[in-house]
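Beneath this line is the structure, given in C-alpha coordinates, with notes to follow.
The values are calculated or read from the model by the stated rules, or taken from the named source; none is laboratory data. Please read all numbers here as calculations on a predicted model, not as lab measurements. Positions of Cβ are generated from backbone atoms using ideal geometry, with glycine treated the same way; all protein chains shown enter the neighbour counts.
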Amino acid sequence: MNSQTLSLNLVDANVNAHNAQQAITKRLDDMESIGREIARIHAPSVDDKSRFPAEAIAALRQAGVFAAPIPVKYGGAGADCIELARGCWILGQHCSATASIVAMHHTQILSVVHHAKDNPQLQNYLRRVAKENRLIASVTSEVGPGGDMRSSSCAVEMMGDTYKLTKKATTVSYGNYADDLMITARKNNLSASGDQVLVIAEKGQFILQDQGEWDTLGMRGTCSPPATVTAEGAAWQVISTPFADIATHTMVPTSHIFWSAWWFGLATDAVSKARELFRAKGRSNPGVTPLGAHRVADLDAELQKMEYEVFGLAREYAAAIAENDLQKLASLGFSLRINTLKLNSSRAVVAIVSEALSVCGIQAYKNNGPFSLGRHLRDAHSSVMMVHNDRIQLTNAAMLLVHKGV
Ligand SMILES: Cc1cc2nc3c(=O)[nH]c(=O)nc-3n(C[C@H](O)[C@H](O)[C@H](O)COP(=O)(O)OP(=O)(O)OC[C@H]3O[C@@H](n4cnc5c(N)ncnc54)[C@H](O)[C@@H]3O)c2cc1C
(Lines give C-alpha, C1' and ligand atoms only; values in the text may rest on other atoms or scores of the structure.)
Protein backbone atom coordinates (compact mmCIF):
# COMPACT_ATOMS: atom_id res chain seq x y z
CA MET A 1 0.00 0.00 0.00
CA ASN A 2 1.53 3.36 -0.99
CA SER A 3 1.36 6.47 1.17
CA GLN A 4 -1.37 8.02 -1.00
CA THR A 5 -3.66 4.96 -0.58
CA LEU A 6 -2.98 4.96 3.16
CA SER A 7 -3.90 8.63 3.51
CA LEU A 8 -7.04 8.11 1.38
CA ASN A 9 -8.04 5.20 3.66
CA LEU A 10 -7.53 7.43 6.68
CA VAL A 11 -9.69 10.13 5.10
CA ASP A 12 -12.39 7.49 4.41
CA ALA A 13 -12.19 6.26 8.01
CA ASN A 14 -12.52 9.83 9.31
CA VAL A 15 -15.45 10.56 7.00
CA ASN A 16 -17.17 7.32 8.15
CA ALA A 17 -16.57 8.15 11.81
CA HIS A 18 -17.87 11.69 11.25
CA ASN A 19 -20.99 10.39 9.44
CA ALA A 20 -21.63 7.83 12.18
CA GLN A 21 -21.33 10.52 14.88
CA GLN A 22 -23.74 12.75 12.94
CA ALA A 23 -26.19 9.83 12.67
CA ILE A 24 -26.00 9.26 16.44
CA THR A 25 -26.52 12.96 17.22
CA LYS A 26 -29.50 13.01 14.86
CA ARG A 27 -30.97 9.92 16.54
CA LEU A 28 -30.65 11.53 19.98
CA ASP A 29 -32.37 14.68 18.66
CA ASP A 30 -35.10 12.49 17.15
CA MET A 31 -35.51 10.68 20.47
CA GLU A 32 -35.91 14.01 22.23
CA SER A 33 -38.71 15.11 19.90
CA ILE A 34 -40.36 11.65 19.79
CA GLY A 35 -40.21 11.58 23.61
CA ARG A 36 -41.70 15.07 24.02
CA GLU A 37 -44.23 15.05 21.19
CA ILE A 38 -45.35 11.40 21.08
CA ALA A 39 -44.31 9.26 24.07
CA ARG A 40 -45.26 11.90 26.67
CA ILE A 41 -48.66 12.60 25.07
CA HIS A 42 -49.64 8.91 24.98
CA ALA A 43 -48.05 7.88 28.32
CA PRO A 44 -51.26 8.38 30.40
CA SER A 45 -53.35 6.20 28.08
CA VAL A 46 -50.56 3.58 27.80
CA ASP A 47 -50.61 3.38 31.62
CA ASP A 48 -54.37 3.60 32.03
CA LYS A 49 -55.20 0.94 29.41
CA SER A 50 -52.08 -1.17 30.13
CA ARG A 51 -51.37 -1.02 26.41
CA PHE A 52 -48.18 -1.17 24.33
CA PRO A 53 -46.78 2.32 23.53
CA ALA A 54 -47.33 1.65 19.82
CA GLU A 55 -47.10 5.29 18.65
CA ALA A 56 -43.73 5.98 20.28
CA ILE A 57 -42.23 2.62 19.32
CA ALA A 58 -43.33 3.08 15.68
CA ALA A 59 -41.72 6.54 15.58
CA LEU A 60 -38.50 5.24 17.19
CA ARG A 61 -38.39 2.38 14.71
CA GLN A 62 -38.74 4.84 11.84
CA ALA A 63 -35.95 7.00 13.30
CA GLY A 64 -33.65 3.97 13.27
CA VAL A 65 -33.25 3.81 17.04
CA PHE A 66 -33.29 -0.01 17.23
CA ALA A 67 -30.28 -0.16 14.91
CA ALA A 68 -28.28 2.37 16.96
CA PRO A 69 -26.13 -0.20 18.89
CA ILE A 70 -25.19 -2.14 15.73
CA PRO A 71 -21.74 -1.38 14.26
CA VAL A 72 -21.62 0.84 11.17
CA LYS A 73 -20.14 -2.00 9.09
CA TYR A 74 -23.38 -3.97 9.59
CA GLY A 75 -25.62 -1.00 8.78
CA GLY A 76 -26.16 0.42 12.29
CA ALA A 77 -25.00 3.66 13.91
CA GLY A 78 -22.31 2.12 16.15
CA ALA A 79 -23.52 4.07 19.18
CA ASP A 80 -21.55 3.33 22.34
CA CYS A 81 -22.98 2.61 25.75
CA ILE A 82 -22.82 6.28 26.81
CA GLU A 83 -24.88 7.42 23.83
CA LEU A 84 -27.37 4.58 24.26
CA ALA A 85 -27.74 5.40 27.96
CA ARG A 86 -28.33 9.03 27.01
CA GLY A 87 -31.22 7.89 24.78
CA CYS A 88 -32.75 5.87 27.67
CA TRP A 89 -32.46 8.92 29.92
CA ILE A 90 -34.18 11.13 27.31
CA LEU A 91 -37.10 8.70 26.88
CA GLY A 92 -37.33 8.03 30.63
CA GLN A 93 -38.33 11.66 31.11
CA HIS A 94 -41.43 11.12 28.98
CA CYS A 95 -42.69 7.51 29.19
CA SER A 96 -41.21 4.74 31.35
CA ALA A 97 -42.71 1.94 29.28
CA THR A 98 -41.12 3.29 26.09
CA ALA A 99 -37.76 3.89 27.79
CA SER A 100 -37.70 0.41 29.34
CA ILE A 101 -38.52 -1.25 26.00
CA VAL A 102 -35.65 0.59 24.31
CA ALA A 103 -33.33 -0.25 27.25
CA MET A 104 -34.22 -3.97 27.06
CA HIS A 105 -33.85 -4.02 23.27
CA HIS A 106 -30.40 -2.37 23.42
CA THR A 107 -29.20 -4.93 25.98
CA GLN A 108 -30.42 -7.84 23.86
CA ILE A 109 -28.90 -6.60 20.63
CA LEU A 110 -25.55 -5.75 22.25
CA SER A 111 -25.46 -9.33 23.51
CA VAL A 112 -25.25 -10.36 19.85
CA VAL A 113 -23.00 -7.46 18.75
CA HIS A 114 -20.34 -8.27 21.35
CA HIS A 115 -20.38 -12.00 20.64
CA ALA A 116 -20.90 -12.20 16.85
CA LYS A 117 -17.26 -11.45 16.09
CA ASP A 118 -16.29 -14.43 13.91
CA ASN A 119 -19.71 -15.75 13.08
CA PRO A 120 -20.99 -14.79 9.59
CA GLN A 121 -24.53 -15.94 10.35
CA LEU A 122 -24.79 -13.77 13.45
CA GLN A 123 -23.25 -10.89 11.47
CA ASN A 124 -25.94 -11.35 8.79
CA TYR A 125 -28.55 -11.36 11.51
CA LEU A 126 -27.22 -8.00 12.74
CA ARG A 127 -27.39 -6.64 9.17
CA ARG A 128 -31.04 -7.72 9.02
CA VAL A 129 -31.87 -6.21 12.43
CA ALA A 130 -30.27 -2.93 11.28
CA LYS A 131 -32.00 -2.90 7.90
CA GLU A 132 -35.43 -3.84 9.21
CA ASN A 133 -35.10 -2.06 12.56
CA ARG A 134 -36.23 -5.22 14.30
CA LEU A 135 -37.33 -5.01 17.95
CA ILE A 136 -35.89 -7.70 20.26
CA ALA A 137 -37.45 -8.90 23.54
CA SER A 138 -35.90 -10.89 26.38
CA VAL A 139 -36.93 -14.21 27.93
CA THR A 140 -34.64 -14.90 30.87
CA SER A 141 -37.01 -15.29 33.87
CA GLU A 142 -38.54 -18.73 34.23
CA VAL A 143 -40.97 -20.62 36.43
CA GLY A 144 -38.65 -22.31 38.93
CA PRO A 145 -35.45 -20.25 38.75
CA GLY A 146 -37.62 -17.06 38.91
CA GLY A 147 -35.51 -13.97 38.33
CA ASP A 148 -32.18 -15.80 38.58
CA MET A 149 -30.83 -15.03 35.11
CA ARG A 150 -27.87 -17.37 35.59
CA SER A 151 -30.02 -20.45 36.04
CA SER A 152 -32.36 -22.22 33.61
CA SER A 153 -34.68 -25.16 33.89
CA CYS A 154 -35.63 -25.54 30.19
CA ALA A 155 -33.09 -26.99 27.73
CA VAL A 156 -32.27 -26.68 24.03
CA GLU A 157 -32.92 -29.78 21.95
CA MET A 158 -30.67 -30.02 18.85
CA MET A 159 -31.86 -32.04 15.85
CA GLY A 160 -29.22 -31.87 13.12
CA ASP A 161 -29.22 -28.28 11.85
CA THR A 162 -32.17 -27.16 13.90
CA TYR A 163 -33.00 -26.45 17.54
CA LYS A 164 -36.20 -26.65 19.53
CA LEU A 165 -37.07 -25.41 23.02
CA THR A 166 -40.01 -24.75 25.30
CA LYS A 167 -39.75 -22.35 28.23
CA LYS A 168 -42.33 -21.44 30.87
CA ALA A 169 -41.49 -17.75 31.22
CA THR A 170 -42.73 -15.74 34.19
CA THR A 171 -42.54 -12.34 32.49
CA VAL A 172 -42.14 -11.55 28.79
CA SER A 173 -42.21 -7.82 28.10
CA TYR A 174 -43.75 -6.77 24.75
CA GLY A 175 -43.45 -10.39 23.51
CA ASN A 176 -46.55 -9.97 21.32
CA TYR A 177 -45.05 -6.89 19.65
CA ALA A 178 -41.41 -7.98 19.27
CA ASP A 179 -39.86 -9.18 16.03
CA ASP A 180 -37.48 -11.55 17.77
CA LEU A 181 -36.90 -13.08 21.20
CA MET A 182 -33.63 -13.86 22.96
CA ILE A 183 -34.18 -16.83 25.25
CA THR A 184 -31.89 -18.36 27.88
CA ALA A 185 -31.89 -22.14 28.29
CA ARG A 186 -29.64 -24.99 29.40
CA LYS A 187 -27.25 -26.04 26.63
CA ASN A 188 -28.88 -29.49 26.44
CA ASN A 189 -31.00 -31.69 28.65
CA LEU A 190 -27.92 -33.12 30.45
CA SER A 191 -26.48 -29.68 31.27
CA ALA A 192 -26.45 -28.22 34.78
CA SER A 193 -28.80 -25.29 35.45
CA GLY A 194 -25.94 -22.79 35.08
CA ASP A 195 -24.60 -24.25 31.81
CA GLN A 196 -26.69 -21.97 29.62
CA VAL A 197 -26.88 -20.66 26.08
CA LEU A 198 -28.63 -17.64 24.58
CA VAL A 199 -30.98 -18.47 21.72
CA ILE A 200 -32.42 -16.20 19.04
CA ALA A 201 -35.99 -16.93 17.94
CA GLU A 202 -37.26 -14.89 15.02
CA LYS A 203 -40.85 -13.92 14.31
CA GLY A 204 -42.60 -16.93 12.79
CA GLN A 205 -40.26 -19.29 14.67
CA PHE A 206 -41.86 -18.85 18.10
CA ILE A 207 -45.29 -18.96 19.65
CA LEU A 208 -46.43 -17.55 22.99
CA GLN A 209 -49.10 -19.71 24.61
CA ASP A 210 -51.03 -19.75 27.89
CA GLN A 211 -50.40 -16.04 28.29
CA GLY A 212 -51.47 -14.74 31.68
CA GLU A 213 -52.51 -11.30 32.78
CA TRP A 214 -50.36 -8.15 33.09
CA ASP A 215 -52.35 -5.95 35.45
CA THR A 216 -49.69 -4.31 37.58
CA LEU A 217 -49.10 -1.32 39.81
CA GLY A 218 -46.78 0.34 37.28
CA MET A 219 -44.90 -0.29 34.02
CA ARG A 220 -48.25 -1.27 32.60
CA GLY A 221 -47.33 -0.42 29.02
CA THR A 222 -44.53 -3.00 28.89
CA CYS A 223 -47.26 -5.68 28.48
CA SER A 224 -45.23 -8.39 30.26
CA PRO A 225 -47.48 -11.39 31.06
CA PRO A 226 -46.24 -14.89 31.85
CA ALA A 227 -46.20 -17.17 28.79
CA THR A 228 -45.10 -20.57 27.57
CA VAL A 229 -42.64 -19.89 24.76
CA THR A 230 -42.10 -22.57 22.13
CA ALA A 231 -39.34 -21.88 19.59
CA GLU A 232 -37.77 -23.72 16.69
CA GLY A 233 -35.00 -22.47 14.39
CA ALA A 234 -31.60 -22.99 12.79
CA ALA A 235 -28.59 -24.22 14.80
CA TRP A 236 -26.64 -20.92 14.30
CA GLN A 237 -29.34 -19.16 16.33
CA VAL A 238 -28.03 -20.92 19.44
CA ILE A 239 -25.13 -18.56 20.19
CA SER A 240 -21.96 -20.59 20.76
CA THR A 241 -20.41 -18.23 23.34
CA PRO A 242 -21.45 -19.57 26.78
CA PHE A 243 -24.22 -17.44 28.30
CA ALA A 244 -22.05 -17.06 31.42
CA ASP A 245 -19.68 -14.89 29.34
CA ILE A 246 -22.47 -13.01 27.57
CA ALA A 247 -24.05 -12.22 30.95
CA THR A 248 -20.76 -11.07 32.50
CA HIS A 249 -19.45 -9.06 29.56
CA THR A 250 -22.69 -7.64 28.23
CA MET A 251 -26.13 -8.49 29.56
CA VAL A 252 -25.66 -7.65 33.23
CA PRO A 253 -23.59 -4.46 32.81
CA THR A 254 -25.64 -3.01 29.94
CA SER A 255 -29.00 -3.80 31.53
CA HIS A 256 -27.92 -2.14 34.78
CA ILE A 257 -26.59 0.92 32.91
CA PHE A 258 -29.59 1.34 30.58
CA TRP A 259 -32.18 0.70 33.31
CA SER A 260 -30.39 3.14 35.60
CA ALA A 261 -30.33 5.74 32.79
CA TRP A 262 -34.08 5.31 32.28
CA TRP A 263 -34.67 5.63 36.08
CA PHE A 264 -32.51 8.74 36.03
CA GLY A 265 -34.85 10.09 33.31
CA LEU A 266 -37.91 9.26 35.43
CA ALA A 267 -36.35 11.02 38.44
CA THR A 268 -35.31 13.99 36.23
CA ASP A 269 -38.91 14.51 35.15
CA ALA A 270 -40.18 14.35 38.75
CA VAL A 271 -37.62 16.96 39.85
CA SER A 272 -38.39 19.12 36.79
CA LYS A 273 -42.05 19.18 37.83
CA ALA A 274 -41.09 20.19 41.38
CA ARG A 275 -38.82 22.97 40.08
CA GLU A 276 -41.53 24.22 37.72
CA LEU A 277 -44.11 24.30 40.53
CA PHE A 278 -41.74 26.19 42.82
CA ARG A 279 -40.82 28.68 40.10
CA ALA A 280 -44.54 29.40 39.70
CA LYS A 281 -44.86 29.83 43.48
CA GLY A 282 -41.82 32.17 43.44
CA ARG A 283 -43.32 34.27 40.64
CA SER A 284 -46.60 34.66 42.54
CA ASN A 285 -44.80 36.12 45.58
CA PRO A 286 -41.67 37.90 44.31
CA GLY A 287 -38.76 38.32 46.74
CA VAL A 288 -39.94 35.50 49.04
CA THR A 289 -38.39 32.01 48.75
CA PRO A 290 -41.38 29.62 48.91
CA LEU A 291 -41.74 27.26 51.87
CA GLY A 292 -40.15 23.90 50.97
CA ALA A 293 -37.83 25.34 48.30
CA HIS A 294 -34.77 24.01 50.19
CA ARG A 295 -36.12 20.49 49.60
CA VAL A 296 -36.15 21.14 45.86
CA ALA A 297 -32.47 22.08 46.15
CA ASP A 298 -31.85 18.75 47.91
CA LEU A 299 -33.71 16.91 45.16
CA ASP A 300 -31.50 18.57 42.58
CA ALA A 301 -28.43 17.42 44.53
CA GLU A 302 -29.71 13.83 44.66
CA LEU A 303 -30.31 13.93 40.93
CA GLN A 304 -26.75 15.11 40.36
CA LYS A 305 -25.39 12.13 42.36
CA MET A 306 -27.49 9.77 40.26
CA GLU A 307 -26.24 11.33 37.01
CA TYR A 308 -22.59 10.99 38.05
CA GLU A 309 -22.98 7.35 38.99
CA VAL A 310 -24.98 6.32 35.89
CA PHE A 311 -22.76 8.06 33.37
CA GLY A 312 -19.56 7.31 35.30
CA LEU A 313 -20.26 3.58 34.99
CA ALA A 314 -21.42 4.01 31.37
CA ARG A 315 -18.07 5.67 30.55
CA GLU A 316 -16.12 2.97 32.42
CA TYR A 317 -17.96 0.22 30.54
CA ALA A 318 -17.64 1.94 27.13
CA ALA A 319 -13.88 2.30 27.67
CA ALA A 320 -13.51 -1.38 28.62
CA ILE A 321 -15.48 -2.42 25.51
CA ALA A 322 -13.41 -0.11 23.28
CA GLU A 323 -10.22 -1.69 24.67
CA ASN A 324 -11.71 -5.21 24.63
CA ASP A 325 -10.71 -5.43 28.30
CA LEU A 326 -12.59 -8.65 29.12
CA GLN A 327 -10.49 -9.20 32.23
CA LYS A 328 -11.77 -5.97 33.71
CA LEU A 329 -15.39 -6.81 32.82
CA ALA A 330 -15.04 -10.19 34.57
CA SER A 331 -13.31 -8.72 37.64
CA LEU A 332 -14.98 -8.76 41.05
CA GLY A 333 -14.37 -5.02 41.43
CA PHE A 334 -16.25 -4.13 38.23
CA SER A 335 -19.07 -6.63 38.93
CA LEU A 336 -19.54 -5.14 42.38
CA ARG A 337 -19.67 -1.59 41.01
CA ILE A 338 -22.13 -2.47 38.24
CA ASN A 339 -24.41 -4.32 40.71
CA THR A 340 -24.14 -1.42 43.14
CA LEU A 341 -25.18 0.96 40.34
CA LYS A 342 -28.41 -1.04 39.99
CA LEU A 343 -29.01 -1.11 43.77
CA ASN A 344 -28.29 2.62 44.19
CA SER A 345 -30.22 3.89 41.20
CA SER A 346 -33.27 1.69 41.88
CA ARG A 347 -33.39 3.08 45.44
CA ALA A 348 -32.63 6.64 44.32
CA VAL A 349 -35.46 6.77 41.78
CA VAL A 350 -38.03 5.70 44.39
CA ALA A 351 -36.62 8.15 46.97
CA ILE A 352 -36.43 11.10 44.54
CA VAL A 353 -39.92 10.59 43.08
CA SER A 354 -41.42 10.11 46.59
CA GLU A 355 -39.75 13.29 47.86
CA ALA A 356 -40.82 15.26 44.76
CA LEU A 357 -44.39 14.09 45.38
CA SER A 358 -44.23 15.19 49.00
CA VAL A 359 -42.67 18.58 48.11
CA CYS A 360 -45.27 19.29 45.42
CA GLY A 361 -48.14 18.18 47.69
CA ILE A 362 -51.68 17.90 46.44
CA GLN A 363 -50.77 19.08 42.94
CA ALA A 364 -48.63 15.96 42.51
CA TYR A 365 -51.01 13.67 44.42
CA LYS A 366 -53.90 14.43 42.03
CA ASN A 367 -54.00 12.25 38.94
CA ASN A 368 -53.83 13.73 35.44
CA GLY A 369 -52.74 17.27 36.36
CA PRO A 370 -49.60 18.94 35.00
CA PHE A 371 -47.69 18.15 38.24
CA SER A 372 -49.13 14.68 38.82
CA LEU A 373 -46.54 12.11 39.99
CA GLY A 374 -48.68 9.04 40.67
CA ARG A 375 -47.58 7.20 37.52
CA HIS A 376 -43.95 8.12 38.15
CA LEU A 377 -44.12 6.64 41.65
CA ARG A 378 -45.81 3.43 40.52
CA ASP A 379 -43.32 2.98 37.67
CA ALA A 380 -40.36 3.73 39.96
CA HIS A 381 -41.27 0.88 42.32
CA SER A 382 -40.68 -1.71 39.57
CA SER A 383 -36.95 -0.92 39.69
CA VAL A 384 -36.47 -3.00 42.84
CA MET A 385 -37.62 -6.22 41.16
CA MET A 386 -36.15 -5.86 37.69
CA VAL A 387 -33.85 -8.60 38.92
CA HIS A 388 -34.72 -8.40 42.59
CA ASN A 389 -32.45 -6.22 44.73
CA ASP A 390 -32.35 -8.95 47.42
CA ARG A 391 -30.79 -11.29 44.87
CA ILE A 392 -28.22 -8.70 43.79
CA GLN A 393 -27.37 -7.79 47.39
CA LEU A 394 -26.72 -11.44 48.23
CA THR A 395 -24.46 -11.78 45.16
CA ASN A 396 -22.52 -8.68 46.22
CA ALA A 397 -22.25 -9.94 49.79
CA ALA A 398 -20.73 -13.21 48.54
CA MET A 399 -18.25 -11.33 46.30
CA LEU A 400 -17.23 -9.03 49.16
CA LEU A 401 -16.25 -12.06 51.23
CA VAL A 402 -13.44 -12.79 48.76
CA HIS A 403 -12.75 -9.42 47.08
CA LYS A 404 -9.78 -7.64 48.60
CA GLY A 405 -9.67 -4.49 46.41
CA VAL A 406 -11.73 -1.32 46.74
C1 LIG B 1 -41.65 -4.21 34.45
C2 LIG B 1 -40.96 -5.54 34.40
C3 LIG B 1 -40.61 -6.08 33.18
C4 LIG B 1 -39.96 -7.31 33.11
N5 LIG B 1 -39.67 -7.82 31.89
C6 LIG B 1 -39.05 -9.01 31.79
C7 LIG B 1 -38.74 -9.57 30.52
O8 LIG B 1 -39.01 -8.98 29.48
N9 LIG B 1 -38.13 -10.78 30.47
C10 LIG B 1 -37.80 -11.45 31.59
O11 LIG B 1 -37.22 -12.52 31.47
N12 LIG B 1 -38.10 -10.97 32.82
C13 LIG B 1 -38.71 -9.76 32.94
N14 LIG B 1 -39.03 -9.25 34.17
C15 LIG B 1 -38.80 -10.10 35.33
C16 LIG B 1 -37.63 -9.65 36.15
O17 LIG B 1 -36.51 -9.59 35.37
C18 LIG B 1 -37.46 -10.57 37.34
O19 LIG B 1 -37.25 -11.86 36.89
C20 LIG B 1 -38.64 -10.63 38.25
O21 LIG B 1 -39.23 -9.38 38.41
C22 LIG B 1 -38.13 -11.10 39.60
O23 LIG B 1 -39.24 -11.53 40.33
P24 LIG B 1 -39.29 -11.55 41.91
O25 LIG B 1 -39.39 -10.18 42.45
O26 LIG B 1 -40.35 -12.48 42.27
O27 LIG B 1 -37.89 -12.02 42.35
P28 LIG B 1 -37.18 -13.41 42.29
O29 LIG B 1 -35.80 -13.06 41.90
O30 LIG B 1 -37.87 -14.42 41.49
O31 LIG B 1 -37.28 -13.78 43.77
C32 LIG B 1 -38.52 -13.98 44.49
C33 LIG B 1 -38.33 -13.51 45.93
O34 LIG B 1 -37.33 -14.32 46.54
C35 LIG B 1 -36.34 -13.51 47.10
N36 LIG B 1 -35.04 -14.01 46.60
C37 LIG B 1 -34.84 -14.69 45.49
N38 LIG B 1 -33.56 -15.01 45.36
C39 LIG B 1 -32.92 -14.49 46.39
C40 LIG B 1 -31.58 -14.49 46.80
N41 LIG B 1 -30.62 -15.09 46.11
N42 LIG B 1 -31.28 -13.84 47.93
C43 LIG B 1 -32.23 -13.25 48.65
N44 LIG B 1 -33.51 -13.25 48.31
C45 LIG B 1 -33.86 -13.85 47.20
C46 LIG B 1 -36.59 -12.08 46.69
O47 LIG B 1 -36.66 -11.28 47.84
C48 LIG B 1 -37.91 -12.07 45.98
O49 LIG B 1 -38.87 -11.37 46.69
C50 LIG B 1 -39.66 -8.01 34.29
C51 LIG B 1 -40.01 -7.46 35.53
C52 LIG B 1 -40.65 -6.25 35.60
C53 LIG B 1 -40.99 -5.68 36.93
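Could you check, for segment 172-187, whether at least one of its residues is over 24 Å from residue 123 (Cα atoms) and among the small types (Gly, Ala, Ser)?
Step one: filter segment 172-187 for residues over 24 Å from residue 123 (Cα atoms), giving 172-174, 176.
Checking which are among the small types (Gly, Ala, Ser) leaves us with 173.
Taking every residue of segment 172-187 in turn, at least one turns out to be over 24 Å from residue 123 (Cα atoms) and among the small types (Gly, Ala, Ser).
Among the helices (runs of 4 or more DSSP H) lying completely within segment 37-146, list those that include at least 2 residues that are out of contact with any Lys or Arg (no Cβ under 9 Å at 6 or more places or on another chain) and among the polar types (S, T, N, Q).
Output list reads 96-113, 120-132.
Which one of 134, 86 is touching a Leu at 6+ places or on another chain (Cβ under 8 Å), modelled with pLDDT of 95 or more and among the basic types (Lys, Arg)? Outline the logic, then answer.
On the way: 134 fails: touching a Leu at 6+ places or on another chain (Cβ under 8 Å).
Matching residue, one of 134, 86: 86.
Given the criterion surrounded by fewer than 18 Cβ atoms within 10 Å (Cβ to Cβ) and touching a residue at least 12 places away in the same chain (Cβ under 8 Å), identify the matching residue among 111, 141, 153.
Values: 111 fails: surrounded by fewer than 18 Cβ atoms within 10 Å (Cβ to Cβ); 141 fails: surrounded by fewer than 18 Cβ atoms within 10 Å (Cβ to Cβ).
The conditions single out 153.
Would you call residue 111 more than 16 Å from the chain's Cα centre (by Cα) and within 16 Å of the ligand (Cβ to nearest atom)? Walk me through it before giving the result.
Values: more than 16 Å from the chain's Cα centre (by Cα): no; within 16 Å of the ligand (Cβ to nearest atom): yes.
Answer is no for this residue.
Restricting to segment 30-45, give me the number of residues that are of a type in the set (A, V, I, L, M, F, W, C) and either out of contact with any Ser or Thr (no Cβ under 9 Å at 6 or more places or on another chain) or not assigned by TED's automatic domain parsing to the domain that holds residue 67 (or both).
First, pick out the residues of segment 30-45 that are of a type in the set (A, V, I, L, M, F, W, C): 31, 34, 38-39, 41, 43.
Next cut, either out of contact with any Ser or Thr (no Cβ under 9 Å at 6 or more places or on another chain) or not assigned by TED's automatic domain parsing to the domain that holds residue 67 (or both) only: 31, 41.
Adding up the residues that qualify gives 2.
Can residue 312 be described as surrounded by fewer than 16 Cβ atoms within 10 Å (Cβ to Cβ), touching a helix residue (DSSP H, G or I) at 6+ places or on another chain (Cβ under 8 Å) and not aromatic (Phe, Trp, Tyr)? Spell out the reasoning first.
Numbers: surrounded by fewer than 16 Cβ atoms within 10 Å (Cβ to Cβ): yes; touching a helix residue (DSSP H, G or I) at 6+ places or on another chain (Cβ under 8 Å): no; not aromatic (Phe, Trp, Tyr): yes.
For residue 312, the condition - surrounded by fewer than 16 Cβ atoms within 10 Å (Cβ to Cβ), touching a helix residue (DSSP H, G or I) at 6+ places or on another chain (Cβ under 8 Å) and not aromatic (Phe, Trp, Tyr) - is not met.
Of 251, 182, which residue is within 26 Å of residue 88 (Cα to Cα), part of a strand (DSSP E or B), out of contact with any Gly (no Cβ under 9 Å at 6 or more places or on another chain) and at pLDDT 95 or above? So that I can check it myself, show each step before the final result.
Working: 251 fails: part of a strand (DSSP E or B).
Matching residue, one of 251, 182: 182.
Out of (1) within 21 Å of residue 253 (Cα to Cα); (2) assigned to a helix (DSSP H, G or I), the odd one out for residue 354 is which?
(1)
With respect to residue 337, determine if the residue is surrounded by 14 or more Cβ atoms within 10 Å (Cβ to Cβ), within 16 Å of the ligand (Cβ to nearest atom) and part of a helix (DSSP H, G or I).
Details: surrounded by 14 or more Cβ atoms within 10 Å (Cβ to Cβ): yes; within 16 Å of the ligand (Cβ to nearest atom): no; part of a helix (DSSP H, G or I): yes.
Here the answer is no, as residue 337 does not meet what is asked.
Among the residues in segment 286-297, are any among the β-branched types (Val, Ile, Thr), part of a helix (DSSP H, G or I) and farther than 30 Å from residue 116 by Cα? So that I can check it myself, show each step before the final result.
Taking segment 286-297 as the starting set, the residues that turn out to be among the β-branched types (Val, Ile, Thr) are 288-289, 296.
If we keep only those that are part of a helix (DSSP H, G or I) as well, we get 296.
Checking which are farther than 30 Å from residue 116 by Cα leaves us with 296.
Yes, the conditions are met somewhere in segment 286-297.
Enumerate the pairs (first residue in segment 204-231 and near the ligand (Cβ under 9 Å from one of its atoms); second residue anywhere and among the aromatic types (Phe, Trp, Tyr)) with beta-carbon separation below 6 Å, excluding pairs fewer than 6 apart on the same chain, so at least 6 apart or on different chains.
Final answer for the pair search is 224/214.
Per-residue answers, yes or no, for (1) away from the ligand (no atom under 15 Å from the Cβ); (2) buried (at least 18 other Cβ atoms within 10 Å of the Cβ); (3) assigned to a helix (DSSP H, G or I):
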site	(1), (2), (3)
364	yes, yes, yes
369	yes, no, no
384	no, no, yes
394	no, no, yes
399	no, no, yes
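Here is a list: 283, 315. Which entry is assigned to a helix (DSSP H, G or I) and over 18 Å from the mean Cα position of the chain (by Cα)? Lay out the reasoning, then the answer.
On the way: 315 fails: over 18 Å from the mean Cα position of the chain (by Cα).
Within the list 283, 315, the selection yields 283.
Surrounded by 20 or more Cβ atoms within 10 Å (Cβ to Cβ), at pLDDT 95 or above and either within 14 Å of the ligand (Cβ to nearest atom) or not acidic (Asp, Glu) (or both): which single residue out of 390, 379 fits that description?
Numbers: 390 fails: surrounded by 20 or more Cβ atoms within 10 Å (Cβ to Cβ).
After ruling out the rest, the residue left standing is 379.
If I ask for residues that are hydroxyl-bearing (Ser, Thr, Tyr), under 20 Å from residue 244 (Cβ atoms) and more than 12 Å from the ligand (Cβ to nearest atom), which ones from segment 151-190 would you list? Walk me through it before giving the result.
Our first condition is that a residue be hydroxyl-bearing (Ser, Thr, Tyr); within segment 151-190, this holds for 151-153, 162-163, 166, 170-171, 173-174, 177, 184.
When the remaining residues are screened for being under 20 Å from residue 244 (Cβ atoms), the result is 151-153, 163, 184.
153, 163 - these are the residues of segment 151-190 that are hydroxyl-bearing (Ser, Thr, Tyr), under 20 Å from residue 244 (Cβ atoms) and more than 12 Å from the ligand (Cβ to nearest atom).
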